[in-house]
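Each remark here refers to the structure printed beneath this line.
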């Protein structure tokens, strides 16, 4: 695995930059015989497109996918599947000064050092959230593979700034409500409060972060490998590849630190001839392996660092301290558009491990 790919049985490689010609993904290891069309991919891409509401970036991208290889007559061939989305609505002028005046909270400075100043700074280049287009394309394929074994992947916004969902939300409410509002919240009465939280920050020239919960249902027990290829470790690694992610927790997460063992342990029971746990503090993964319960993971996103307020930075040519006021088109909160990205990342890793475990056949008979 190199720095630009992830997975072992199902391998994702992505390419492109935010303001380059296109964003692309290559998915290798997909079994032959899977029914797949550009419509399957487009449905998922439409969930994360910019410019669809007042709380997202005004950048207008169609994000229309083209499948370049790996599909013939509506079925996967077993060859690598290459997909691209062209970048059409580009304005790079606000980024001309970034090479010498790095934006606080962005990778501008670290990238300049790593690549000796040869990196593409426009729109953040490889470090932009736009790269998650590739994740969503790959996730669409993973979701189709998981549907073969009855696994369903969901995600929803549980917090924006100071506005949070206090109680557990039913899976039916998540399925029914998430994509009916621009913040992707499964509790409609909280959605407007979250929208106002974002707009209030934007009016102040600022931004907010939040938390997304990802859920995988009907995952068979035993997926994963001990030690370095544990299921939760691979999921966390994939999720941390989403720009702006600063925290990942499974099940009860950090709350287990204040519990006793008798509270934290998920006790076993039999229901309808099936082994279950009475609680799910482990989030569906124990010892790095799935235990048959729903996988639950929460992902913390920092506030969008590109804000119009003045901030302190440095001029790397004069080596003097200066101020910067970031221009350009940015989401005042990245969380709503990251919901389908969390779904995609979770689906991809589970599909990868399902293929490793032989739960999904290498040739799909239809």
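The values are calculated or read from the model by the stated rules, or taken from the named source; none is laboratory data. In this text the structure is predicted, and so the values were computed from the model without any measurement. So basically every Cβ, Gly included, is an ideal-geometry build from the backbone, and we count neighbours across all protein chains shown.
Meeting the requirement of 1 or more residues that are surrounded by 17 or more Cβ atoms within 10 Å (Cβ to Cβ) and at pLDDT 95 or above, the strands (runs of 3 or more DSSP E) wholly within the stretch 177-296 are 210-217, 245-250, 274-277. Among the residues of the stretch 96-133, those that are assigned to a helix (DSSP H, G or I), within 22 Å of the chain's Cα centre (by Cα) and at negative phi comprise 108, 111, 122, 126, 127, 129, 130, 131, 132, 133. Answer with yes or no whether residue 12 is modelled with pLDDT of 95 or more, closer than 25 Å to residue 364 by Cβ and over 19 Å from the mean Cα position of the chain (by Cα). When the stated conditions are applied, residue 12 does not pass them.
Among the residues of the stretch 321-344, the ones that are touching a helix residue (DSSP H, G or I) at 6+ places or on another chain (Cβ under 7 Å) and modelled with pLDDT under 85 come to 2 in all.
One line per residue, one yes/no per condition, for (1) modelled with pLDDT under 95; (2) surrounded by fewer than 19 Cβ atoms within 10 Å (Cβ to Cβ); (3) over 20 Å from residue 16 (Cβ atoms):
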position: 60; (1), (2), (3): yes, yes, no
position: 75; (1), (2), (3): no, yes, yes
position: 90; (1), (2), (3): yes, yes, no
position: 118; (1), (2), (3): yes, yes, no
position: 122; (1), (2), (3): yes, no, no
position: 139; (1), (2), (3): no, no, no
